[in-house]
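Below: one structure, written as structure tokens.
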Amino acid sequence: MRRHVIPVVALLVLAGCGNADLTCSSSTTLDALTMCIQAQMPASGSNGYVAPTVDQRADWQRVVTQMLQGKCDFAVPASLSGMVHVRTFTDTSNSRNYCLLMEVRDQNGNGVVDNGFGTFITYRGAARQVSHQAVHPIADSATENQAVSVFRDTDSRSFLMAGAHRDANSAMSTCRPSFPESDPSHNSSTMTQATNEALLAYYGPTSWFAIQWHGMAAATCPMTDVYPSHGRDVATAPTDKIAILRQNVLAAHGTWDVDLPGLPGSERCRLNATENVQGRLLNGGTAANVFGTEAS
């Protein structure tokens, strides 16, 4: 799997009759849990993604903030009640406890969650204030597995996965009209964006990082193995975090071609994520201006 990594600062399907909740109760590791949740998302072309209301986004942010504060035993707000669960999840591979927020409601019993809001996981014992994010599950094949594995193996603080295939809906995003409304990288009215707004508010001036894991088609950047970007098509200084990340990747994988925006030869790849609304938010933007203003 070739990787398009965007650092930005700062299987059990329980289907049946009725409205059985899809809790992935048989999953005992983060990897299995992620695959189970992925299997019950609204699929490409399903029109199964339902945009959250303003109140639901605000309440989701409250839940995310409480989880980042180390809480896990609390009731979810009314607008999300019955739709999502917050609970402790124990990974039997490392015996660690995580706090899990996941969508569970399946009112028509078709084995697919009703809205496609997404998943958020926190680790209270984190050694690194890093959020690993898979915003194009299924579409960017295996990136959800990569993101959750690195989250776990690096003792990072949080993991975020979008709740639907990026092409689930035919309706276009009001934010970036050339992309579907179900594509969270190009729509600010999603739980993915709400989570990042909550992360940004929680950390404030404190140092932290978010890494979005994306995939590249074989023909997209054929000479490039890894392409880190923070949403700008400009050359990076040697002290820039993505330049340091590149050095570390090459130290571990010396035969990989790791390009950067502005690096000689990098014109072969143009995946600079300049329209990524989470990148815009976390790299100098505000929630109100991600529609029309690139990262600064």
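The values are calculated or read from the model by the stated rules, or taken from the named source; none is laboratory data. Just so it is clear, the model here is predicted, and its values are computed rather than measured. Note: ideal-geometry Cβ built from the backbone for every residue, glycine included; neighbour counts use all protein chains shown. Heavy atoms of the whole protein, side chains included, go into the accessibility calculation; ligands, DNA and RNA do not. Shrake-Rupley method; radii C 1.70, N 1.55, O 1.52, S 1.80 Å.
Which of (1) under 18 Å from E275 (Cα atoms); (2) within 13 Å of the chain's Cα centre (by Cα); (3) open to solvent by 40 Å² or more (accessible area, probe 1.4 Å) does M172 not meet, given it meets every other one?
(2)
Among the residues of the stretch 52-83, write down those that are within 17 Å of the chain's Cα centre (by Cα) and within 25 Å of Q38 (Cβ to Cβ).
Within the stretch 52-83, P52, R57, W60, Q61, V63, V64, M67, L68 qualify.
Taking only pairs six or more apart or across chains, which ones have beta-carbon atoms under 8 Å, a first residue in the stretch 258-280 that is farther than 28 Å from S189 by Cα and open to solvent by less than 50 Å² (accessible area, probe 1.4 Å), and a second residue that is at pLDDT below 85 and in a helix (DSSP H, G or I)?
Listed by first residue and then by second, the contacts come to D259/S266; D259/R268; L260/S266.
Filter the stretch 239-252 down to residues that are within 19 Å of E294 (Cβ to Cβ) and part of a helix (DSSP H, G or I) and give me whichever is most open to solvent (accessible area, probe 1.4 Å).
K241
Among the candidates A217, A273, A251, A237, which residue alone is out of contact with any helix residue (DSSP H, G or I) (no Cβ under 6 Å at 6 or more places or on another chain) and closer than 24 Å to S141 by Cβ?
Being out of contact with any helix residue (DSSP H, G or I) (no Cβ under 6 Å at 6 or more places or on another chain) and closer than 24 Å to S141 by Cβ holds for just one of A217, A273, A251, A237, which is A217.
Can you tell me which of T236, T255 is in contact with a Leu (Cβ under 7 Å, 6 or more places away or on another chain), open to solvent by 30 Å² or more (accessible area, probe 1.4 Å), part of a loop (DSSP other than H, G, I, E, B) and not aliphatic (A, V, I, L, M)?
From the options T236, T255, the qualifying one is T236.
Would you confirm, using the coordinates I've provided, whether M161 is under 15 Å from L199 (Cα atoms), in contact with a strand residue (DSSP E or B) (Cβ under 9 Å, 6 or more places away or on another chain), buried (at least 23 other Cβ atoms within 10 Å of the Cβ) and at pLDDT 95 or above?
Yes.
Is at least one residue of the stretch 100-110 among the β-branched types (V, I, T), exposed (fewer than 15 other Cβ atoms within 10 Å of the Cβ) and over 17 Å from the mean Cα position of the chain (by Cα)?
Within the stretch 100-110, not a single residue is among the β-branched types (V, I, T), exposed (fewer than 15 other Cβ atoms within 10 Å of the Cβ) and over 17 Å from the mean Cα position of the chain (by Cα).
Among the residues of the stretch 84-99, is any open to solvent by 50 Å² or more (accessible area, probe 1.4 Å) and under 22 Å from L200 (Cα atoms)?
no
Yes or no, residue by residue, for (1) under 12 Å from the mean Cα position of the chain (by Cα); (2) farther than 19 Å from L271 by Cα:
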position	(1), (2)
Q129	no, yes
Q133	yes, no
A142	no, no
R157	no, yes
Y203	no, yes
M223	no, no
G231	no, no
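Here are some residues: S141, S149. Which one is under 15 Å from T34 (Cβ atoms), surrounded by fewer than 22 Cβ atoms within 10 Å (Cβ to Cβ) and modelled with pLDDT under 95?
Step by step, each of S141, S149 is checked, and only S141 is under 15 Å from T34 (Cβ atoms), surrounded by fewer than 22 Cβ atoms within 10 Å (Cβ to Cβ) and modelled with pLDDT under 95.
With the checklist (1) over 23 Å from C36 (Cα atoms); (2) surrounded by fewer than 19 Cβ atoms within 10 Å (Cβ to Cβ) in hand, flag the one item V130 doesn't pass.
Unmet condition: (2).
Looking only at the stretch 204-223, which residues are buried (at least 19 other Cβ atoms within 10 Å of the Cβ) and out of contact with any Ser or Thr (no Cβ under 8 Å at 6 or more places or on another chain)?
Across the stretch 204-223, the qualifying residue is only C221.
For the structure I just gave you, tell me whether M67 is within 13 Å of T119 (Cα to Cα) and open to solvent by less than 40 Å² (accessible area, probe 1.4 Å).
yes
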